[in-house]
1. Hey, residue 76 hits all of (1) assigned to a loop (DSSP other than H, G, I, E, B); (2) open to solvent by less than 10 Å² (accessible area, probe 1.4 Å) but one; which does it fall short on?
2. When segment 146-163 is examined, which residues are found to be closer than 18 Å to residue 36 by Cα and in a helix (DSSP H, G or I)?
3. Given the conditions (1) under 23 Å from residue 201 (Cα atoms); (2) within 19 Å of the chain's Cα centre (by Cα), which single one is not true for residue 129?
4. Would you check if there is a residue in segment 146-158 being modelled with pLDDT of 95 or more, open to solvent by less than 50 Å² (accessible area, probe 1.4 Å), more than 27 Å from residue 47 (Cβ to Cβ) and in contact with a Ser or Thr (Cβ under 6 Å, 6 or more places away or on another chain)?
5. Can you pull out the residues in segment 164-189 that are open to solvent by 40 Å² or more (accessible area, probe 1.4 Å), in contact (Cβ under 8 Å) with a residue 40 or more places away in the chain and not in a helix (DSSP H, G or I)?
6. Filtering segment 26-73 down to residues that are in a loop (DSSP other than H, G, I, E, B) and among the small types (Gly, Ala, Ser), which residue is most open to solvent (accessible area, probe 1.4 Å)?
7. Going by the structure shown, is residue 131 closer than 23 Å to residue 18 by Cβ, of a type in the set (Val, Ile, Thr), open to solvent by 20 Å² or more (accessible area, probe 1.4 Å) and in a helix (DSSP H, G or I)?
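The values are calculated or read from the model by the stated rules, or taken from the named source; none is laboratory data. The shown structure was predicted, so the numbers you read here are calculated from the model rather than taken from an experiment. No Cβ is skipped: glycine too gets one built from the backbone with ideal geometry, and neighbour counts run over all protein chains shown. Protein only, heavy atoms only, side chains kept; ligands, DNA and RNA dropped before computing areas. Shrake-Rupley method; radii C 1.70, N 1.55, O 1.52, S 1.80 Å.
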Amino acid sequence: MATLILVRHARTAETGSVLSGRTKGIPLSAEGVREAKLLAERLSSVPLAGIVSSPMQRCIETVDAVRSTRAANVPARPNVEIDERLTEVDYGKWTGKQLRTLAKDPLWSTVQRQPSAMRFPDGESLRAAATRASEAIREWNARFKDDEIWLAASHGDIIKAIVSEATGAPLDLFQRIAVDPASITVIRFGSERPTVVRLNESAAGIEALFAPRERRRSLLGRLRGGN
């Protein structure tokens, strides 16, 4: 059965504060570049039969780091295939707005409590986004042999939707899943069902998860070999 490594893009200057959506021209931040490098190092010895990515710049820069960092005994670097179905949710009028501002919008509660009912103003519904992303994953996975490993790079909400579909969980529960920047989620596809074998494995390491907020950044720097 083929194995999928789902990767969320590394950080940009807007990650965690602004709903970037499909805004073009947002590169990885300096911190994101470090995250992508560490992610690439972790995956350098994994033989990848293929790489598929969202067309957004932050995803492409993340997979470029992975593609360029290959151990000497690993087969040649696979080309990066772009699939529009793995792109970010179209947040419509919410695109580019501060998350703290959006949290005051009455629709915010729908996103949190019943995402399957949410259609963003002048944008896409979360149900439609989940459907097109899950279909893309199934179609790409069918192209790989049972013993092959492939990688797909996408966005937080999209990856949460893919994981929900793989586990058979309703979309309305997808907010209970955490998908951090530069994290790894692994799904193994079998003849009877997919199995989620890793979820949200972050480059930050587990100790950063339990550290006080003021210590998290220093932990991240130490784990990356920084100051």
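1. Exception for residue 76: condition (2).
2. Of everything in segment 146-163, those that are closer than 18 Å to residue 36 by Cα and in a helix (DSSP H, G or I) turn out to be 156, 159.
3. Of (1) under 23 Å from residue 201 (Cα atoms); (2) within 19 Å of the chain's Cα centre (by Cα), only one is false for residue 129: (1).
4. no
5. 170, 180, 188
6. 72
7. No; evaluated as a whole, the condition is false for this residue.
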